[in-house]
Structures are given as C-alpha cells and as structure tokens.
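Novice: I'd like to ask some things about the structure below.
The values are calculated or read from the model by the stated rules, or taken from the named source; none is laboratory data. Quantities reported herein were computed from a predicted structural model and do not represent experimental measurements. Methodologically, a virtual Cβ is constructed for each residue, glycine included, from the backbone with ideal geometry; neighbour enumeration extends over all protein chains shown. Remember, those area values only see protein heavy atoms, side chains included, never the ligands or the DNA or RNA. Shrake-Rupley method; radii C 1.70, N 1.55, O 1.52, S 1.80 Å.
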Amino acid sequence: MKCFGPFLAVSLLAPAAAGSHPHIFVDTAVKVVVSEAGELQAVEITWAYDEFYSLLIFEDRALDSDYDGTLTAEELAQLQGFDMSWVEGYEGDTYLTLDGEALALGAPEHLSTEVADGRITTRHRRALVQPQAADGVVIKAYDPTYYTAYTVNRGLEVTGGCQGSITPPNLDQAYTMVEELLYAMPAEQAEESYPKVGEAFADTLRLSCGA
C-alpha cells in the first residue's frame, strides 16, 4: 500500500489479488538541476499516471462527471497538488545516492498538474538538503513494495554541463528474486507482506560531469 493520500484511495477502490503487483503504473521523467560548477541542487520529477488509476482518482474526488477524460478549469484546480500530501517517513519514491550513501532531499514543491487523454500528469521539485557534487550520483525511482511501478520513459534532462545515462533493470533477475521470496512465505501472506523488491525493477540513472 502506498504511503500517501491518492495511493491509499486507489488501494481501497481497486480489488487486490494476492501477489499481483504492481497495481499502479507511472511513466516518469527526471530533470536534474546542476549548477555550472557541477553542484547538484535539485531534481524535478514528472509522474504520468496510468488511465485506470487516473479514473479512480476522478471517481474518488467526484471529477470528470461527463466521463470524457478531461476536466473543467474548476475541476483541474481541485486536483492541483493532490499527490503532495505525504505522510511522515514517506521518501517520495525517489532515491539519490553517491558511493552508496543516501543523499537527503527536502520537502516536495508542487509545480504542475495536468490532465490529457484521461491521464493525470504531475510535476514536483525537491531540493537537496545539502547540495552535492553531481559526478557519480545515482538516481532511482521506485516504490520499495512495488505496489507502484515507475518507468523512466519520459526523458532524463541534466543541466549545467553534466550528462546522464539510464540503465534499465535486469527483469529476469528481478522476477527470479520475487519468485524466490514469495515461495519462502505462506501464500496468505503474499499480499499483506509483499517483499520489498521495488528497487530491483528500477531504472538506474547515473550522472557524470567533466571530460
């Protein structure tokens, strides 16, 4: 189950079959804000939610009453920032590390919420608590419980003269890990105690600076 409002809503609205993960699919874009001096300052994250999840949010909030997949200006105003109500301890499903050490991110700043073709797309910005040299930083977008699947398929942009690469996950290894972990637990626990395998399914974004 997700850790903040809209994902909690979908978990209550959608039936869950034991072991059937993920439930929500999010196309993702990442913009990395690096200064000209090579200092990593912030990340901007785009989440484009799948059509079914978007529909559930519309229904939960009594939006899109004509079911055409678009919202009026008034409805769209009600949706602004809907996915920014994070509970304490939720890390935003965005993880930055350098040499294996976690880099802390600040609170999210909502940038935009849009609806097109029945899908909700939001953007938010998170500044680093302590700006850091960007070279070698690794970024991953994932839900540890794999209730939500993030795919960085909407682009990676890096400012400040640095470059970024995207390495897709090894899905064969990831699914093998899931099978082994699920086989090790009673079937009735598979949904409530689903193993934290989300990182194994994450794209790996790596920053490099200089020649």
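Novice: Among all residue pairs at least 6 apart or on different chains, which show Cβ distances below 7 Å where the first residue, located in the range 52-69, is over 16 Å from GLN80 (Cβ atoms) and in contact (Cβ under 8 Å) with a residue 60 or more places away in the chain and the second is open to solvent by less than 10 Å² (accessible area, probe 1.4 Å) and basic (Lys, Arg)?
Specialist: Final answer for the pair search is none.
Novice: Just checking, which of GLY136, GLY160 is surrounded by fewer than 16 Cβ atoms within 10 Å (Cβ to Cβ), in contact (Cβ under 8 Å) with a residue 60 or more places away in the chain and over 18 Å from the mean Cα position of the chain (by Cα)?
Specialist: GLY136
Novice: Here is a further query. Could you list, in sequence order, the residues of the range 81-109 that are in a strand (DSSP E or B) and open to solvent by less than 60 Å² (accessible area, probe 1.4 Å)?
Specialist: Passing the criteria: TRP86, THR94, TYR95, LEU96, THR97, LEU98, LEU103, LEU105.
Novice: Can you confirm whether the range 144-156 contains a residue that is within 30 Å of LEU63 (Cβ to Cβ), part of a strand (DSSP E or B), among the charged types (D, E, K, R) and open to solvent by 50 Å² or more (accessible area, probe 1.4 Å)?
Specialist: Within the range 144-156, none of the residues are within 30 Å of LEU63 (Cβ to Cβ), part of a strand (DSSP E or B), among the charged types (D, E, K, R) and open to solvent by 50 Å² or more (accessible area, probe 1.4 Å).
Novice: Looking only at residues that are among the acidic types (Asp, Glu) and at pLDDT below 65 in the range 177-191, which one is least open to solvent (accessible area, probe 1.4 Å)?
Specialist: My answer is GLU191.
Novice: Which one of GLU114, GLU75, GLU59 is part of a strand (DSSP E or B) and either of a type in the set (D, E, K, R) or out of contact with any His (no Cβ under 6 Å at 6 or more places or on another chain) (or both)?
Specialist: GLU114
Novice: Among the listed residues PRO169, PRO195, which satisfies the condition of being modelled with pLDDT under 80, touching a helix residue (DSSP H, G or I) at 6+ places or on another chain (Cβ under 8 Å), open to solvent by less than 40 Å² (accessible area, probe 1.4 Å) and under 22 Å from VAL26 (Cα atoms)?
Specialist: PRO195
Novice: If the requirement is being on the phi > 0 side of the Ramachandran plot and open to solvent by 30 Å² or more (accessible area, probe 1.4 Å), which of these qualifies: ALA37, ALA62?
Specialist: Unique residue meeting the criteria: ALA62.
Novice: What single numbered condition from (1) of a type in the set (A, V, I, L, M); (2) open to solvent by 50 Å² or more (accessible area, probe 1.4 Å); (3) in contact with a Gly (Cβ under 9 Å, 6 or more places away or on another chain); (4) not in a strand (DSSP E or B) fails to hold for VAL129?
Specialist: All conditions are met except number (4).
Novice: Taking GLU157, is it modelled with pLDDT of 95 or more and of a type in the set (Asp, Glu)?
Specialist: yes
Novice: Shifting gears a bit: Among the numbered criteria (1) out of contact with any Lys or Arg (no Cβ under 6 Å at 6 or more places or on another chain); (2) part of a strand (DSSP E or B), which single criterion is violated by SER165?
Specialist: (1)
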